[in-house]
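*Asks:* Okay, handing you the structure first.
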Amino acid sequence: MKRQTLLKIAAVLSVSAGVFPNAVPGPIRLSTLDPQVKSLLARMTLEEKIGQMTQPDQEYIKDLSDVEKYFIGSVLSGGGSDPKEGNSLQAWTDLYDRVQQRTQNTRLKIPLLYGVDAVHGHNNVAGAVVFPHNIGLGAARSAALVEKVERITAAEVRATGIQWAFAPCVTVPRDERWGRTYEGFSENPQLVQELGKAAVRGFQGSDLFSPLSVVACAKHYVGDGGTVWGSGPQGAGLDQGDARMEEAELRRIHLPGYISAVNAGVGSIMPSFSSWNGVKCSASRRLLTEILKQELGFEGFLISDYNAIDQINPDYKKAIEISINAGMDMAMVPNRYRQFFEALKQLVEEGRVPMARIDDAVTRILRVKFAAGLMDPNRSPLADRSLQKTFGSAEHRLVAREAVRQSLVLLKNRNKVLPLKKTAVRLHVAGKSADDLGNQCGGWTIDWQGKSGAITAGGTTLLAALGKAVSRSTQVTYTKDGTGGAGADAGIAVIGEPPYAEFNGDRADLALPKEDVDTVRNLKAAGIPVVVILFSGRPMIIDKVLDQADAFIAAWLPGTEGEGITDVLFGDYRPTGRLSFSWPRSMAQIPINVGDKKYDPLFRYGYGMSY
Ligand code: GLC
């Protein structure tokens, strides 16, 4: 049968396959696509197969002809890997097209999947809507909201042609000292399970085939949020450390998010840099094959983390052999992609990696490509620029503003100082983060680590939002250090953490920066009511400011839409957020999680006031 006809059948099948007789229409079972997958696989050479398993980072591709030469099946842009022309919508879309176009010069013309960390919007791209990080969505506790947020994120990602998001992070952070706490919804596995499932539905839609869907990636499998302090690389911190626990505890706390993601039809899963009882997740056959693929029936593919394979064994070829045989299907090899390709080819030729393992990996990758419409002969693999009309749109920003409103947690409101009046004579604002979109968004924004300052294109700082919300006769004044508040109706101190990502955020001490403590003290010295707003990626030790605060709001990392905060400050929206992490009194209490035998936090899991 002619290729075109076959692919046409594939296209029809992969759409119709979404609806089983007498089953609730939902995600297709990827294995229903196997007839056309196997037919394509049978025509592939070993090199073409290994190419599908190889994922370089665009910034390290020495010459784009490598996409053709190595039959590359996927490309990523890591956190800092922007187009050389800059990070505008057009620059990203042109980059995607430049890379994708090369696949059409290969014999089989299999389009590549392009992956990015769209973890709170299409956050690498200037002008994208930046949503609250997952810790805020966890406090909002709404699966419907999470689905809506990720649906919009998917649309903005597809506007650049890109079809794969390395999200949702379904980690269960159990120790706030971890720099990736904010990427998690909650310390509670059940909440992670519910919101993680909603996120997969949002990204992938009810039909992955839709041009508005992206392939999701549940990460980091498994137990990345359960490592012990001091077990990280070089024996420091938590990130990429060792989760030391019985399998029963791993299943109870850290596995639920993956069970629901698999049942929601997630197309990919990313094994963690971290280890379980001393074995790297990326090297564990027990985890990757026996539990995830055989027991849970995961039919998509595993993508390694960024050079994570390197950490398995000092002998790179040996490390590849171990990881691929353990069940890894695609390797994120940003700059070593040529070496990876040649090494894996040798391993197969030497019989150290069975061809059956290669065929299984490529089958899984092709299933997702068929399901996502990449093989549809009626659809160009290049970007559909008509999708760009809603990129960063006002309606997308309204949803982000709604997410901010619902994410805020009111921890204190002495003498009902909140809500404030829009007709106040003067409001005095203070703090390093009041007029700083970079601090308001946190890590994974424009750059991998994020950065303080006006780094996004579009968005509203809290200070600007205050100016927009108050009456014409109201004065909004600002000093960074909190002086000058005397005579104002109220003071608003906006404090918290500067942006960070991953291991750069591991902290042995979560006390507030001295600058913030001084700011609140200066503001309080004016003898006015003080409202403290905390921008942070986790609960912090706030004993030095809580007494001076008349009101205290945990705002997490709200993203670009600061008006969601003023909606709550002025009572246009009553606060409904509830803590999805226990709030410790002191460092001595950490780790502290709901369900602990000894449990006496400053604010309990689930705590949140309203008006
Ligand atoms: C990073 C992170 C992972 C991310 C990947 C690609 O190191 O661990 O969450 O998806 O690399 O940027």
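The values are calculated or read from the model by the stated rules, or taken from the named source; none is laboratory data. Just so you know, these numbers come straight off a predicted model, no measurement behind them. Virtual Cβ from ideal backbone geometry, glycine too; neighbours counted across all protein chains shown. Ligands, DNA and RNA are excluded from the accessible area calculation, which covers all protein heavy atoms including side chains. Shrake-Rupley method; radii C 1.70, N 1.55, O 1.52, S 1.80 Å.
*Asks:* Please pick out the residue among W164, W92 that is over 21 Å from H220 (Cβ atoms) and within 16 Å of the ligand (Cβ to nearest atom). Don't jump to the end; show me each part of the working.
*Replies:* Working: W164 fails: over 21 Å from H220 (Cβ atoms).
Unique residue meeting the criteria: W92.
*Asks:* Looking only at the stretch 448-471, which residues are open to solvent by 50 Å² or more (accessible area, probe 1.4 Å), more than 16 Å from the ligand (Cβ to nearest atom) and in a loop (DSSP other than H, G, I, E, B)?
*Replies:* At the first step, the residues of the stretch 448-471 found to be open to solvent by 50 Å² or more (accessible area, probe 1.4 Å) are 448, 451-452, 454, 468.
Filter once more, keeping what is more than 16 Å from the ligand (Cβ to nearest atom): 451-452, 454, 468.
Answer for the stretch 448-471, where residues must be open to solvent by 50 Å² or more (accessible area, probe 1.4 Å), more than 16 Å from the ligand (Cβ to nearest atom) and in a loop (DSSP other than H, G, I, E, B): K451, S452, A454.
*Asks:* Which members of the stretch 320-336 meet the condition of being open to solvent by 10 Å² or more (accessible area, probe 1.4 Å) and either out of contact with any Lys or Arg (no Cβ under 8 Å at 6 or more places or on another chain) or within 13 Å of the ligand (Cβ to nearest atom) (or both)?
*Replies:* The initial filter retains those residues of the stretch 320-336 that are open to solvent by 10 Å² or more (accessible area, probe 1.4 Å), namely 321-322, 325, 335-336.
If the condition is that a residue be open to solvent by 10 Å² or more (accessible area, probe 1.4 Å) and either out of contact with any Lys or Arg (no Cβ under 8 Å at 6 or more places or on another chain) or within 13 Å of the ligand (Cβ to nearest atom) (or both), then I322, N335, R336 are the ones that fit.
*Asks:* Further question: Under 8 Å by Cβ, and 6 or more places apart or on different chains, what pairs join a residue from the stretch 359-381 that is free of Cβ contacts under 8 Å to residues at least 60 places away in the same chain with one that is open to solvent by 10 Å² or more (accessible area, probe 1.4 Å) and in a helix (DSSP H, G or I)?
*Replies:* Qualifying pairs under 8 Å: none.
*Asks:* Right, another one. Is it the case that the stretch 116-127 has a residue that's outside the structural domain of A454 (by TED's automatic domain parsing) and more than 16 Å from the ligand (Cβ to nearest atom)?
*Replies:* Keep residues of the stretch 116-127 that are outside the structural domain of A454 (by TED's automatic domain parsing), which gives 116-127.
Of the ones still in play, those that are also more than 16 Å from the ligand (Cβ to nearest atom) are 126-127.
Looking through the stretch 116-127, at least one residue is outside the structural domain of A454 (by TED's automatic domain parsing) and more than 16 Å from the ligand (Cβ to nearest atom).
*Asks:* Follow-up question, since we're still on this one. Restricting to the stretch 56-73, name every residue that is over 19 Å from the mean Cα position of the chain (by Cα) and within 16 Å of the ligand (Cβ to nearest atom). Give the steps one after another, and end with the answer.
*Replies:* We begin by selecting, within the stretch 56-73, every residue over 19 Å from the mean Cα position of the chain (by Cα); these are 56, 58-73.
Selection gives P56, Q58, E59, Y60, I61.
*Asks:* Which ones in the stretch 344-367 are open to solvent by 10 Å² or more (accessible area, probe 1.4 Å) and either in contact with a Cys (Cβ under 7 Å, 6 or more places away or on another chain) or within 24 Å of Y60 (Cα to Cα) (or both)? Write out each step before concluding.
*Replies:* Within the stretch 344-367, the first condition is being open to solvent by 10 Å² or more (accessible area, probe 1.4 Å), and the residues that meet it are 345-346, 348-352, 354-357, 359-360, 364, 367.
Answer for the stretch 344-367, where residues must be open to solvent by 10 Å² or more (accessible area, probe 1.4 Å) and either in contact with a Cys (Cβ under 7 Å, 6 or more places away or on another chain) or within 24 Å of Y60 (Cα to Cα) (or both): K345, Q346.
*Asks:* With respect to E402, determine if the residue is of a type outside the set (V, I, T), without any contact (Cβ under 8 Å) to a residue 24 or more places away in the chain and open to solvent by 10 Å² or more (accessible area, probe 1.4 Å). Let's see the steps before the verdict.
*Replies:* Numbers: of a type outside the set (V, I, T): yes; without any contact (Cβ under 8 Å) to a residue 24 or more places away in the chain: no; open to solvent by 10 Å² or more (accessible area, probe 1.4 Å): yes.
Here the answer is no, as E402 does not meet what is asked.
*Asks:* When the residues of the stretch 43-55 are narrowed to those that are open to solvent by 40 Å² or more (accessible area, probe 1.4 Å) and in a loop (DSSP other than H, G, I, E, B), which ends up farthest from the ligand (Cβ to nearest atom)?
*Replies:* Here is the first cut: in the stretch 43-55, the residues open to solvent by 40 Å² or more (accessible area, probe 1.4 Å) are 43, 45, 47.
Pick out the ones that are also in a loop (DSSP other than H, G, I, E, B) and you get 43, 45.
Details: R43: 31, T45: 29 Å.
The residue in question is R43.
*Asks:* Under the condition of being assigned to a loop (DSSP other than H, G, I, E, B) and surrounded by fewer than 19 Cβ atoms within 10 Å (Cβ to Cβ), which residue from the stretch 424-447 is farthest from the ligand (Cβ to nearest atom)?
*Replies:* Filtering the stretch 424-447 down to residues assigned to a loop (DSSP other than H, G, I, E, B) leaves 424-425, 431-436, 442-444, 446.
Those still in the list that are surrounded by fewer than 19 Cβ atoms within 10 Å (Cβ to Cβ) too: 424-425.
Values: A424: 43, V425: 48 Å.
Looking at the filtered set, the residue picked out is V425.
*Asks:* Only one of T474, T519, T483 is open to solvent by less than 40 Å² (accessible area, probe 1.4 Å) and either farther than 26 Å from P601 by Cβ or within 16 Å of the ligand (Cβ to nearest atom) (or both). Can you tell me which? Let's see the steps before the verdict.
*Replies:* Working: T519 fails: either farther than 26 Å from P601 by Cβ or within 16 Å of the ligand (Cβ to nearest atom) (or both); T483 fails: open to solvent by less than 40 Å² (accessible area, probe 1.4 Å).
Checking each option against the conditions leaves just T474.
*Asks:* Only residues in the stretch 165-177 that are on the phi < 0 side of the Ramachandran plot and not assigned by TED's automatic domain parsing to the domain that holds S275 count as the first member; pair them with residues that are at pLDDT 95 or above and assigned to a loop (DSSP other than H, G, I, E, B), Cβ under 9 angstrom, at least 6 apart or cross-chain, and list the lot.
*Replies:* Final answer for the pair search is none.
*Asks:* Of the residues that sit in the stretch 300-319 and are open to solvent by less than 30 Å² (accessible area, probe 1.4 Å) and under 22 Å from the mean Cα position of the chain (by Cα), which one is nearest to the ligand (Cβ to nearest atom)?
*Replies:* So the residue we want is D305.
*Asks:* Run down G86, G80 and say which single residue is over 22 Å from L302 (Cα atoms), in contact (Cβ under 8 Å) with a residue 40 or more places away in the chain and within 16 Å of the ligand (Cβ to nearest atom).
*Replies:* Working: G86 fails: within 16 Å of the ligand (Cβ to nearest atom).
Of the residues listed, the single one that is over 22 Å from L302 (Cα atoms), in contact (Cβ under 8 Å) with a residue 40 or more places away in the chain and within 16 Å of the ligand (Cβ to nearest atom) is G80.
*Asks:* Kindly provide the set of residues from the stretch 212-267 that are free of Cβ contacts under 8 Å to residues at least 12 places away in the same chain, within 22 Å of N188 (Cβ to Cβ) and not in a helix (DSSP H, G or I), ordered by number.
*Replies:* Result: E246, single match.
*Asks:* If you take the residues in the stretch 289-317 that are touching a helix residue (DSSP H, G or I) at 6+ places or on another chain (Cβ under 7 Å) and polar (S, T, N, Q), which one is nearest to D359 (Cα to Cα)?
*Replies:* Of everything passing the filter in the stretch 289-317, T289 is nearest to D359 (Cα to Cα).
*Asks:* Could I ask something else about it? Here's a check for you: in the stretch 538-556, which residue that is in a loop (DSSP other than H, G, I, E, B) and either touching a helix residue (DSSP H, G or I) at 6+ places or on another chain (Cβ under 6 Å) or farther than 26 Å from R180 by Cβ (or both) is most open to solvent (accessible area, probe 1.4 Å)?
*Replies:* The first filter runs over the stretch 538-556 and keeps only residues in a loop (DSSP other than H, G, I, E, B), leaving 538-540, 542, 547-550.
Still in the running and either touching a helix residue (DSSP H, G or I) at 6+ places or on another chain (Cβ under 6 Å) or farther than 26 Å from R180 by Cβ (or both): 538, 547-550.
Values: R538: 0, D547: 118, Q548: 45, A549: 0, D550: 15 Å².
My answer is D547.
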